[in-house]
Amino acid sequence: MNKFTGAIMSAAVATLFATGAQAQSWDMPTPYSDAVFHTANISQFADDLRASTNGALDITVHSAGSLFKHPDIKNAVRSRQVQIGEFFLSRLSNEDAAFGLDSLPFLAASYDEAERLWAAQKPVITELLAEQNLMPLFAVPWPAQGLYTNSEIKSVADLSGLKFRAYNAALESFATLAGASPTQVEAPDIPQAFATGQVEAMITSPSTGVSSKAWDFLSYYTPINAWVPKNIVVVNKQVFDALDADIQAAILEAAATAETRGWEMSRAEASAKTATMAENGINVVEPSPELIAGLKEIGAQMLADLEANASDEAKAIIAAYNAN
Ligand code: PCA
């Protein structure tokens with residue numbers, strides 16, 4: 001091949017791979033296992049984008065904390081070690097209470113309330129995350145959080161002294177106010193933490209009860225339905241801003257679809273996974289009015305503490321939420 005035809009061929013190859021030349025391979029760490037609906041939703045999001053961009057954006061999902069541990073995912077996206085990632089939104093409550101409002105007991109306890117809370121949170125959180133060069137793409141709730149124990153819990157007093165698994169600061173406060181002793185344990189480590197006696201009770205969704213096979217180490221589930229916390233997917237803003245407009249549009253479209261699909265999946269999970277637990281021998285016991293009244297007192301205390309110390313942003317979200 002002479003120089004001339006070589007040059008023509010290179011040009012042809014360059015044209016042929018015009019899309020390929022800009023093809024992006026992204027890594028996406030997530031905290032939860034493949035058995036969890038959030039992970040299924042995110043895999044579908046990645047598939048949708050591979051299809052809608054003709055392969056120009058190829059996202060590899062690294063589930064269950066396999067690439068980065070949950071506490072490190074946000075900073076991995078921030079520092080561009082990865083382009084995109086998922087985490088439990090209320091983990092960031094130590095940065096600003098605005099991030100943690102979906103984990104306050106009985107502030108927003110149904111899906112409809114959770115939707116209204118997210119509408120109030122989203123603009124504020126978008127601004128706060130932009131300060132860290134992060135951009136939210138979509139947020140999806142877990143089913144309402146219920147109580148898992150080894151004996152029937154009739155009032156808050158029955159929680160006293162229990163070694164309690166926690167997943168964020170709000171749940172730690174909640175357990176402490178109930179007289180229990182909280183320990184932070186990531187979702188994939190739940191079976192191990194119960195097996196070794198590190199913890200003996202927890203509050204989480206029926207989804208996580210089933211994915212961790214709660215029936216192997218717990219016998220009662222009390223659907224107190226106290227809050228509806230969310231996972232959020234964020235992309236590095238600098239990475240996003242550098243993309244071609246058509247890829248950006250494809251991402252925003254797939255994200256909107258994933259948010260709608262995720263909320264639907266979550267709603268369907270709540271009853272289906274509670275039924276799975278019952279089938280596997282867990283006693284599903286409706287909470288007594290006394291238990292709920294005691295838990296609501298704790299929630300009111302936590303809200304009062306939060307309002308005494310919270311940022312103006314967090315207070316504005318609560319005001320906007322209550323005004324609707
Ligand atoms: N499952 C996750 C977060 C909330 C939930 O329902 C967990 O238990 O870690």
>> I need a count of the residues in segment 166-190 that are within 13 Å of the ligand (Cβ to nearest atom) and either small (Gly, Ala, Ser) or in contact with a His (Cβ under 8 Å, 6 or more places away or on another chain) (or both).
In response: 4
>> So ASN231 ticks every box in (1) over 29 Å from LEU306 (Cα atoms); (2) within 10 Å of the ligand (Cβ to nearest atom) but one. Which box is left unticked?
In response: (1)
> Got at least one residue in segment 268-291 being touching a His at 6+ places or on another chain (Cβ under 9 Å) and assigned to a helix (DSSP H, G or I)?
Replying inline: no
>> Name the single residue that is nearest to the ligand (Cβ to nearest atom) among those in segment 137-165 being more than 30 Å from PHE45 (Cβ to Cβ), surrounded by 18 or more Cβ atoms within 10 Å (Cβ to Cβ) and of a type in the set (A, V, I, L, M).
In response: LEU147
>> If I ask for residues that are of a type outside the set (Asp, Glu), more than 14 Å from the chain's Cα centre (by Cα) and within 17 Å of LEU303 (Cα to Cα), which ones from segment 68-119 would you list?
In response: ASN94, ALA97, ALA98, LEU104, PRO105, PHE106, LEU107, ALA108, ALA109, LEU117
>> Here are the criteria: (1) surrounded by 23 or more Cβ atoms within 10 Å (Cβ to Cβ); (2) more than 23 Å from SER63 (Cβ to Cβ); (3) free of Cβ contacts under 8 Å to residues at least 40 places away in the same chain. Tell me which single one TRP227 does not satisfy.
In response: (3)
>> Take LEU306 and tell me if it is closer than 27 Å to TRP118 by Cα, at pLDDT below 95 and surrounded by 18 or more Cβ atoms within 10 Å (Cβ to Cβ).
In response: yes
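The values are calculated or read from the model by the stated rules, or taken from the named source; none is laboratory data. The model shown is predicted, which means the values in this text are computed figures rather than measured ones. Counting neighbours? That spans all protein chains shown, and the Cβs are built from the backbone with ideal geometry, glycine included.
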